[in-house]
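The values are calculated or read from the model by the stated rules, or taken from the named source; none is laboratory data. Bear in mind the structure is a predicted one, so any value in this text is a computation, not a measurement. Cβ sites come from the backbone with ideal geometry, for glycine too, and all protein chains shown count toward neighbours.
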Amino acid sequence: MTGPGQSHLSGSALGEHISEVVLIDQHMHGCWLTPGDRRRFENALNEANTEPLAAFDSGFDSQLGFALRAHCGPVLGLPEHVDPDGYWAHRSRFDEVELARRFLPAARVSNWLVDTGIGSDIAGVVELADLSGSAAHEVVRLEQVAEQAAQTSGDYAAAFEEILGHRAATAVGTKSILAYRGGFDGDLTEPSPGQVAAAAQRWREEGGVGLRDRILLRFGLHQALRLGMPMQLHVGLGDRDCDLHKTNPLYLLDFLRQSGDTPIVLLHCYPYEREAGYLAQAFNNVYVDCGLSVNHLGARAAAFLGRMLELAPFRKILYSSDGYGPAELHFLGARLWRNGIHRVLREFVDGGDWSGADAIRVVDLIARDNAARIYRV
Amino acid sequence: MTGPGQSHLSGSALGEHISEVVLIDQHMHGCWLTPGDRRRFENALNEANTEPLAAFDSGFDSQLGFALRAHCGPVLGLPEHVDPDGYWAHRSRFDEVELARRFLPAARVSNWLVDTGIGSDIAGVVELADLSGSAAHEVVRLEQVAEQAAQTSGDYAAAFEEILGHRAATAVGTKSILAYRGGFDGDLTEPSPGQVAAAAQRWREEGGVGLRDRILLRFGLHQALRLGMPMQLHVGLGDRDCDLHKTNPLYLLDFLRQSGDTPIVLLHCYPYEREAGYLAQAFNNVYVDCGLSVNHLGARAAAFLGRMLELAPFRKILYSSDGYGPAELHFLGARLWRNGIHRVLREFVDGGDWSGADAIRVVDLIARDNAARIYRV
Amino acid sequence: MTGPGQSHLSGSALGEHISEVVLIDQHMHGCWLTPGDRRRFENALNEANTEPLAAFDSGFDSQLGFALRAHCGPVLGLPEHVDPDGYWAHRSRFDEVELARRFLPAARVSNWLVDTGIGSDIAGVVELADLSGSAAHEVVRLEQVAEQAAQTSGDYAAAFEEILGHRAATAVGTKSILAYRGGFDGDLTEPSPGQVAAAAQRWREEGGVGLRDRILLRFGLHQALRLGMPMQLHVGLGDRDCDLHKTNPLYLLDFLRQSGDTPIVLLHCYPYEREAGYLAQAFNNVYVDCGLSVNHLGARAAAFLGRMLELAPFRKILYSSDGYGPAELHFLGARLWRNGIHRVLREFVDGGDWSGADAIRVVDLIARDNAARIYRV
């Protein structure tokens, strides 16, 4: 496919290969299915701010907003860099399902790995497969399993284990948002059964939602480790409710030292991508991911991808979009990753450090082979 | 004006625009007015070192020193890259007032926002306006207000509030150097009146200078928040008296969560510019600034400006020089910013991520429009 | 010499100069002397992982592995980018001594400064001089001196001082791996004689190996300070046994404030090279080094060297390879440094920020003049 906006990559074997390679998007969420106004759309272009944008501001005036106008407009038949009003007006002619049917296939993704732990009125695993024409698989969010276990009346630990086992049977991995629930700094060893039971009782009495109890969070992590399937951890960049400095993945060192062979996937990573790359070199079971960051960095995505290609071994790096809400984001992640990795690797090849064949092989590893290996998709 | 050293920017609409745009320098100090020797000059080229430079070293052998020889020499009629001895010999033919009359206008700044909290024998607000032919406005340093309040005999809190209100009436913003007085790590909530009174009594008994009392520092910040005018915070890079790791702006998260609508401007930011950019995305009232860093990074200023253009929304980024002492620095900040932003944005445009019109609009936002909006100048 | 792989640097005075300049490698270890299998070789390409590499992985699939194939192959008569099997098969035709006799001279190093604190079956100071045809000098590891003192029967402090004095008489510097033995965070003042005696007794009773006692580590640092010869500190990037976040050199601020005139060399620095550069500006006696990092970053070494050239004054930056084990690494450090510094400085010159003569002078400072000054070699 030579699709809209692909022209920057033509003219070289490496560029053509990057343009064509079919991705595994190893971490994302559903796209919208229901109509919304411009305010919903612009707020979805800002990850960190949990308040409505200020009156003087616009979600379009950011790297993500500029990238969206540059790369998503053409998918809808607009010229590149169309102005925000023009983009919004044209986008409004489509409903969200139609938009998904355009943007999802344009991403050239064969497998979507869907974190189903947040959102309503968004596409689920089955709908994503239908809208995109590709396979979709579930990633189970551990804090959601905890809430489900809290709603049962029996022993919390047994309920957690049963629910997790049941959901994992049809899933490909787990995910934790410990980063949002106190961060990585502090004890992450496995709590005792007595500690778990006491903590679960307290939490149930408080309502059993929005898990922040450290004992139960630690319990969930260690249950997931036992499954052996990849465990994704939110790292770095998130909304302002998280204490970003407590999401430095180096605080995970003690946990990683006891994590055995279960693949641990460090998601997003910004601004800790170099620390994450170090961990991927230090531990056989640690992986790094570029999702969310690539979208929010837009024209600077290549700089970020370059930093990701410092210490992390090439069999330990994964692609994702972390798309959520506007279907543009599921496409844009792929588009920016293709453009960015091309700029970075072309420079390596032009500088004589890598051969062209090296570069093409690493593209395949990051685009899909590493994910196919650990998720077995 | 096609002034000295402008040639690198000619030949494109973007370059021409960047070359011509008139700046608001939203954070700087006075330039020297009195004569000094070469040692004073070379020490002024090093920000961090509070001791005299070692005998084996030279302030010229740094990015700032090289940038000064490259870009300031031509303003005085010297060739680019003139050697240090030649630069110093030629500079010595002018007095500091004559130097200011050359370098300040060459910066093409319409408004100087002057932190008057440090320095003697340097130009004040009125002199800066006179020397440059542009407008100049005061930024009130909170720790100086505290010292003034300590010197009164009445109630400290009332005195602080009165002095601050009086000075703020003719000023455009406030500034805190909390970074130098213990750092951001720790409680930054508002202290009680009783705590303030007790702390003020202790501090007055100790002499009431060099405020380091945490309670009084916190009191000052919250008083300034109430004014609603922009509050500047020194962040990152400073001299060796500051514990640089305690100036990571992420330690401000709890303070920012309670800071309301008052614009908070994170100054300098290096090496935490990416963390600062995250905060500018997360909070409607947080801004980032490039001053001081751009001068000290010289040839690497473009790399820094690129990192600043990652998460920070474009309506939240501000220009400053942080010039202090040699009038060269007030000019050099502008020159390096123009060169650096041009390299960064040209790459965005050449890569197809931004349109040329996008780039020109963002130049205007950072150069002056954002500052004009929040400082109302 | 226009050696293998030098072509990228030809065609300009700066490139020619960088290609020819003779280096002082101010921190490295011995190369192998005894035969080993492919597993030993591949594990030596990963710094951080203390376990055998996973079955799915290969030490060749990393920046270091790619750089080795690109730049070391030609020294052995192989084409650039030869595949891993081909590289290994060809390398196996040589014994380690023959490899050292090829790779060490190809680095164009006049002086090797050898940290003799680790490894057996590797070349010592005398053998390195013989194999390379250059001078070699010892750097004394303080934790090794501590173990030697612990094995004596007399007063620990007196024994430490005597052994250190004796070894330092023929050495050019000292080295500490405090980063691996608890990190920089915490008290680094000099302990009292009573504290030292008590701690030494405890440690001797425990066997007196693998020093982790904070009091004795602090004692060693302050003894070394008194010598006045340069003290090297491992900073940043190391194996997974170190808590990387506790090796942030900013935690050294209090120690540096009391370190006087003794040169303190911050080794490796990644990912804290910008923080290290700040310290080099803030303290007359602080230096930064690029060793280990340059090898492991491969095609990204230029990006790292660029970040090193931000705040650090040019008379405070040093070259090293940190080569250890495969003789390729002693050569590769030099090769990647030459390529990387060329890319960075050429950009400074092309951008008009530095003159070509500036660049050549800074090359000499980093390549050898700074090291010659502080180590007096």
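The residues of the range A:41-69 include none that are free of Cβ contacts under 8 Å to residues at least 12 places away in the same chain and part of a helix (DSSP H, G or I). Of all residues in the range C:325-377, those satisfying the criterion of being out of contact with any helix residue (DSSP H, G or I) (no Cβ under 9 Å at 6 or more places or on another chain) and not hydrophobic (A, V, I, L, M, F, W, C) are C:Asp350, C:Arg368, C:Tyr375, C:Arg376.
Where helices (runs of 4 or more DSSP H) fall entirely within the range B:293-377, those with at least 1 residues that are among the small types (Gly, Ala, Ser), farther than 15 Å from B:His27 by Cβ and in contact with a strand residue (DSSP E or B) (Cβ under 6 Å, 6 or more places away or on another chain) are at B:327-350.
State whether the residues of the range C:28-38 include one that is within 9 Å of chain A (Cβ to nearest Cβ) and within 26 Å of C:Leu233 (Cβ to Cβ). No. If you go through the range C:302-329 and keep only what is surrounded by fewer than 24 Cβ atoms within 10 Å (Cβ to Cβ), more than 14 Å from chain A (Cβ to nearest Cβ) and farther than 17 Å from B:Leu64 by Cα, you end up with C:Tyr324, C:Gly325, C:Pro326.
Answer yes or no as to whether C:Val75 is within 30 Å of A:Glu347 (Cβ to Cβ) and of a type in the set (Val, Ile, Thr). First the steps, then the outcome.
Numbers: within 30 Å of A:Glu347 (Cβ to Cβ): yes; of a type in the set (Val, Ile, Thr): yes.
Here the answer is yes, as C:Val75 does meet what is asked.
Would you confirm, using the coordinates I've provided, whether A:Asp254 is among the charged types (D, E, K, R) and free of Cβ contacts under 8 Å to residues at least 12 places away in the same chain? So A:Asp254 does not fit the description; no. Taken over the range A:147-167, the criterion of being under 16 Å from A:Arg226 (Cα atoms) and out of contact with any strand residue (DSSP E or B) (no Cβ under 6 Å at 6 or more places or on another chain) is satisfied by A:Ala157, A:Ala158, A:Ala159, A:Phe160, A:Glu161, A:Glu162, A:Ile163, A:Leu164, A:Gly165, A:His166. One residue stands out among those in the range B:290-301 that are more than 8 Å from chain C (Cβ to nearest Cβ) and in contact with a Gly (Cβ under 7 Å, 6 or more places away or on another chain): the one that is surrounded by the most Cβ atoms within 10 Å (Cβ to Cβ), which is B:Val294.
A search for C-beta distances below 6 Å between a residue of the range C:126-153 that is under 16 Å from C:Asp25 (Cβ atoms) and in contact (Cβ under 8 Å) with a residue 12 or more places away in the chain and any residue that is outside any helix (DSSP H, G or I) and of a type in the set (Asp, Glu), counting only pairs 6+ apart in sequence or on different chains, returns C:Val139/C:Asp115.
Restricting the range A:204-235 to residues that are assigned to a loop (DSSP other than H, G, I, E, B) and over 26 Å from the mean Cα position of the chain (by Cα), the residue that is nearest to A:Val172 (Cα to Cα) is A:Gly208. So for the range C:181-195 (the condition being touching a residue at least 60 places away in the same chain (Cβ under 8 Å), charged (D, E, K, R) and surrounded by 15 or more Cβ atoms within 10 Å (Cβ to Cβ)), does at least one residue qualify? So far as the range C:181-195 goes, yes, one or more of its residues are touching a residue at least 60 places away in the same chain (Cβ under 8 Å), charged (D, E, K, R) and surrounded by 15 or more Cβ atoms within 10 Å (Cβ to Cβ). The set of residues from the range A:236-249 being within 14 Å of chain B (Cβ to nearest Cβ), touching a Leu at 6+ places or on another chain (Cβ under 7 Å) and part of a helix (DSSP H, G or I) comprises A:Leu244, A:His245. Here A:Gly220 clears all of (1) at pLDDT 95 or above; (2) surrounded by 20 or more Cβ atoms within 10 Å (Cβ to Cβ); (3) within 26 Å of C:Pro271 (Cβ to Cβ) except the condition numbered (3).
Summed over the range A:264-284, the residues that are assigned to a loop (DSSP other than H, G, I, E, B), of a type outside the set (Ser, Thr, Tyr) and within 8 Å of another protein chain (Cβ to nearest Cβ) give a count of 3. The test for being without any contact (Cβ under 8 Å) to a residue 24 or more places away in the chain and of a type in the set (A, V, I, L, M, F, W, C) holds for B:Trp354. Look at (1) at pLDDT 95 or above; (2) over 23 Å from the mean Cα position of the chain (by Cα) and you find that A:Ser153 fails only one, number (1). Scan the range A:336-377 for residues that are among the small types (Gly, Ala, Ser) and either surrounded by fewer than 17 Cβ atoms within 10 Å (Cβ to Cβ) or within 11 Å of chain C (Cβ to nearest Cβ) (or both) and jot them down. If the condition is that a residue be among the small types (Gly, Ala, Ser) and either surrounded by fewer than 17 Cβ atoms within 10 Å (Cβ to Cβ) or within 11 Å of chain C (Cβ to nearest Cβ) (or both), then A:Gly351, A:Gly352, A:Ser355, A:Gly356, A:Ala357, A:Ala359, A:Ala372 are the ones that fit. Under the condition of being of a type in the set (D, E, K, R), assigned to a helix (DSSP H, G or I) and over 30 Å from B:Gln258 (Cα atoms), the residues counted in the range A:15-40 number 2.
Given the condition over 21 Å from the mean Cα position of the chain (by Cα) and surrounded by 24 or more Cβ atoms within 10 Å (Cβ to Cβ), answer yes or no: does some residue in the range C:70-82 qualify?
Quick first cut of the range C:70-82, residues over 21 Å from the mean Cα position of the chain (by Cα) only: C:70, C:73-82.
Within this subset, residues satisfying the condition of being surrounded by 24 or more Cβ atoms within 10 Å (Cβ to Cβ) are C:70.
Looking through the range C:70-82, at least one residue is over 21 Å from the mean Cα position of the chain (by Cα) and surrounded by 24 or more Cβ atoms within 10 Å (Cβ to Cβ).
Taken over the range A:110-161, residues that are surrounded by fewer than 20 Cβ atoms within 10 Å (Cβ to Cβ), in contact with a Pro (Cβ under 9 Å, 6 or more places away or on another chain) and in a helix (DSSP H, G or I) amount to 1.
Name the residues in the range A:70-83 that are small (Gly, Ala, Ser) and assigned to a helix (DSSP H, G or I), would you? Reasoning before the result, please.
Residues of the range A:70-83 small (Gly, Ala, Ser): A:70, A:73, A:77.
Result: A:Ala70, A:Gly73.
Evaluate the range B:189-203: report whether one residue or more is closer than 21 Å to B:Val139 by Cα and either among the hydrophobic types (A, V, I, L, M, F, W, C) or not in a loop (DSSP other than H, G, I, E, B) (or both). No, the range B:189-203 has no match at all. Scanning the range C:162-188 for residues that are touching a helix residue (DSSP H, G or I) at 6+ places or on another chain (Cβ under 8 Å) and in a loop (DSSP other than H, G, I, E, B) returns C:Ile177, C:Arg181, C:Gly182, C:Gly183, C:Phe184, C:Asp185, C:Gly186, C:Asp187, C:Leu188.
Pick from the range A:68-125 the residues that are of a type in the set (D, E, K, R) and in contact with a Leu (Cβ under 8 Å, 6 or more places away or on another chain): which of them is farthest from B:Ala357 (Cα to Cα)?
Within the range A:68-125, the first condition is being of a type in the set (D, E, K, R), and the residues that meet it are A:69, A:80, A:83, A:85, A:91, A:93, A:95-96, A:98, A:101-102, A:108, A:115, A:121.
Those left that are additionally in contact with a Leu (Cβ under 8 Å, 6 or more places away or on another chain): A:91, A:96, A:101-102, A:108, A:121.
On the way: A:Arg91: 22, A:Glu96: 30, A:Arg101: 31, A:Arg102: 28, A:Arg108: 31, A:Asp121: 37 Å.
Selected residue: A:Asp121.
Test A:Val97 against the stated conditions and say whether it is at pLDDT 95 or above and closer than 26 Å to A:Ile366 by Cα. No; evaluated as a whole, the condition is false for this residue.
Looking at A:Glu51, is it among the acidic types (Asp, Glu) and closer than 30 Å to B:Ala276 by Cβ? Before the answer, list the steps.
Numbers: among the acidic types (Asp, Glu): yes; closer than 30 Å to B:Ala276 by Cβ: yes.
So A:Glu51 passes the test.
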